[in-house]
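Here, each number is a calculation from the coordinates, and none is a lab measurement. All values derive from a computational prediction rather than experimental measurement. For neighbour counting, all protein chains shown are included, and Cβ atoms are generated from backbone atoms with ideal geometry for every residue, glycine included.
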Amino acid sequence: MSNQRAESALPPQGAFLHAILVFLADHPEGAARAVIHDTVPILLQLSEAQRTERLPNMPQLRYRHRTGWGLSMLKAAGYVESPARSIWKITDRGRDLLGRHPTGFDNETGRQLARETHSLALRGGGAEPRIVAADLDEARDSTQIQQSPEERIDAAIREMRTTVAAELLERISQAPPAFFEVLVLDLLRALGYGSHSEDFQHVGASGDGGIDGIISLDKLGFEKVFVQAKRWKGSVGRPDIQAFFGALAGRRAKKGVFITTSTFTKDALSFGEQVSEAVVLIDGSRLTQLMIDHGVAVSHYRVVHLPRVDGDYFEST
């Protein structure tokens, strides 16, 4: 799972809560969940990009998650009710809240409401909502409160990956240079290059012509990938990539991978694009994400099964 993702462009959870209350106030007889899902983005005037934004590595639309979580939060706090399957109605308590904030919740009210409903949703609801210190400690980040559980899980995973990536680069920087060269070959093997240990040759010595490793892609060794691994602190420049490309040409090689723990300059990336059919550039950020994804120098110690109601099951009854 990747963490290369910008923050969501959707309005805060408080805006979703208000939109739900506004819609249900206009439909005192109640409305189906599906209708609410379809109407909320209209009320919030979501752009096409916002409507199609999805949770990372999941097929669900992010705005539908926020709407569904909003219904659960409002129900737990007594602002809406569900008197029949898939039907939702605003309560007197919800009308009173909406009457005090007819045009929307300001930032502070939105955060306060999100804390209140979040707290009650975690406890399973209650007749008289109240906020306790433990709830505020648990939801110390107001942005976190205004996210659905799936979004908070995703944010936590991104934070863990960022922390692990930083530690990987630190540990690599402290290891001997030859260790990094071997690690790179292990990573490429985890990516599916080569099928046996004998397909990997660690060169990495003076006079190697800029080549640290060689991977045979076929049993007879006709097709090979040449690897250069540089554990640098400064950015890798264009001359270094040109020298590597020249080393490939000197060996009549068609494929090469240049991996560094640092970054590439703009000129280096520009040259890399020109020779992209022959050379692949991998910087420190991509290196660590590949290591995490493929379990190289990283162990995945916990598998979490996230429950979700199967709507199709109930629709079939």
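Using the Cβ of residue 67 as centre and a radius below 12 Å, the other residues enclosed give a net charge of +4, where K and R count +1 and D and E count -1. Summing charges over neighbours of residue 82, with a neighbour being any other residue whose Cβ is under 11 Å away from its Cβ, gives +3 when K and R count +1 and D and E count -1.
Ranking of 230, 254, 266 by neighbouring Cβ atoms within 10 Å, starting from the fewest: 266, 254, 230. Per residue, the convex hull spanned by the Cα atoms of segment 224-297 measures out at 92 cubic angstrom. When each of 63, 79, 301 is scored by the number of other beta-carbon atoms lying within 10 Å, the sequence from fewest to most is 301, 63, 79. Working from label points 7 Å from Cα in the Cα-to-Cβ sense, the residue 304 to residue 174 distance is 2.8 nm. Just tell me which lysines come within less than 18 Å, Cα to Cα, of residue 230; anything on the same chain fewer than 8 places away is out. Those lysines meeting the cut-off are 255, 266. Cβ crowding within 10 Å, taken as a proxy for footprinting-reagent exposure, orders 36, 292 from fewest neighbours to most as 292, 36. Return the FRET efficiency for the residue pair residue 82, residue 106: r is the Cβ-Cβ distance, R0 is 25 Å, and the value is rounded to the nearest 0.05. That pair, residue 82 with residue 106, gives E of 0.35.
For a distance above 13 Å, tell me the whole-number percent of Cα pairs in segment 50-112 that qualify.
Roughly 71 percent, once rounded to a whole number.
Extension gain, residue 232 to residue 252: 0.36 nm times the residue separation minus the Cα-Cα distance gives 4.5 nm.
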